[in-house]
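Asker: I have a structure here, written as structure tokens, and I will follow up with some questions on it.
Each value in this text was obtained by applying a stated rule to the coordinates, not by laboratory testing. Bear in mind the structure is a predicted one, so any value in this text is a computation, not a measurement. Here the Cβ is made from the backbone with ideal geometry for all residues, glycine too, and neighbour counts use every protein chain on show.
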Amino acid sequence: METEKTTSIKISTHSPFQKLKAVAIGQTLAEDIFDWITEEKIKAPMQKILRETNEDMIEFKRVLESVGVTVYQPKPLSRSILSNNEQIPHVPLQPRDVFLTLGNLCYQQNTHGVYDYMKDIVHEDCLVDLFNEVYGPGGASFQGHELISGANSVKLGKHIIMPADGEAGFVHPDRPMFDHLINKWKQQGYEIIQTDDVGHTDGIISFIKPGALMRVGSSAQQEKELFNKWDRLELGSQGWMHPQMNKWMQEKNMVNGRWWIDGEQDNPQLHKFINDWCDHWVGYCAETVFDINTLGISEECVLVSSYNKEVFDFLKKHKVEPIIVPLRHRYFWDGGLHCCSLDLIREGEREDYIT
């Protein structure tokens with residue numbers, strides 16, 4: 001997939017709040033992807049999702065560039081390049097769910113061709129294909145429970161925060177990729193913090209600056225002890241308390257809690273189409289609090305997708321400026337600003353922010 005700029009970035013990123021210099025952001029598809037659909041009750045809302053998401057990503061890029069960040073982004077995928085006109089491809093909107101940038105490396109654990117654009121951005125010496133490194137060419141196929149990405153592996157200097165994902169923890173015979181990487185990271189001087197959470201860590205905890213963090217719910221005792229010197233804001237499910245979300249709560253069973261489109265509550269044809277044909281587009285937004293899914297620009301600035309008084313008061317307390325970048329369909333894509341971006345270069349070296 002062609003990008004608007006091609007270069008050869010050498011990765012350097014150690015935390016979520018050191019000054020951001022270069023970032024890759026995602027993209028959706030061109031509206032003509034759904035030109036073949038004849039049923040207007042399906043076609044119109046699907047085209048609207050793509051059109052408005054593309055508009056929001058244009059605004060995302062504009063804001064990033066306005067604060068001095070270099071942005072790399074693939075162009076929208078059009079129907080003309082597909083071998084099958086009725087194909088519904090994966091959407092390269094959330095690079096953080098596929099890639100992990102850590103130190104001077106960019107790890108990839110996805111074989112979908114729509115994400116090949118990263119090869120045009122990142123220097124080949126920095127790219128690590130986890131399939132080949134762990135299994136070897138032609139080795140075992142992907143196992144979903146081994147997912148390692150920047151969404152569930154949040155870097156904080158010399159520490160990496162990850163969910164245990166079950167009682168067995170990270171390392172056991174069915175998870176050779178975790179075994180391989182965690183041992184490798186420990187050899188490189190990283191320390192792994194294992195949380196009791198389930199799901200993407202970047203939808204659960206957000207490190208705003210040294211000494212300040214936001215978190216969904218209360219953390220386990222071990223985590224509290226590690227961050228006992230940090231000021232924390234513990235959020236509940238505020239992202240779901242907005243009045244418009246009451247409509248979704250009434251229909252969540254119809255969509256299995258996975259996605260929501262405002263104004264389409266009484267459109268069973270659309271519900272069936274998405275559930276049958278776009279299952280690979282949606283996540284499980286019922287577990288996501290988007291107020292946490294922020295993108296740090298520096299220790300003085302952070303991008304957020306909506307206004308939340310508690311969050312804004314906390315940021316003001318720590319002298320951090322919030323900039324709102326709307327993502328109107330985040331409840332459909334199950335992805336916030338952090339998911340839709342991948343930091344490539346941040347100023348500074350790897351530091352210890354805890355001990």
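Asker: Using the per-residue mean of other Cβ atoms lying within 10 Å as a proxy for protection, in what order, highest first, do the peptides 54-63, 200-209, 26-35 fall?
Answerer: 200-209, 26-35, 54-63
Asker: Length gain on complete extension for the stretch Asn104 to Thr355, per 0.36 nm per residue less the alpha carbon to alpha carbon distance?
Answerer: Taking 0.36 nm per residue and subtracting the Cα distance, the gain is 88.1 nm.
Asker: List the lysines whose Cα lies under 29 Å from the Cα of Lys158, skipping any in the same chain that are fewer than 8 positions away.
Answerer: Qualifying lysines at Cα under 29 Å: Lys10, Lys19, Lys21, Lys119, Lys184, Lys186, Lys209, Lys224, Lys229, Lys316, Lys317, Lys319.
Asker: May I pose another question? So between Ile58 and Glu347, what do we pick up on full extension, going 0.36 nm a residue minus the alpha carbon distance?
Answerer: 101.6 nm
Asker: Got a sec? Which residues in region 180-215 would a label at Gln222 touch, if it sits 7 Å along Cα→Cβ and we count backbone N under 11 Å?
Answerer: Under 11 Å, as judged by backbone N against the label point of Gln222, lie 192-197 of region 180-215.
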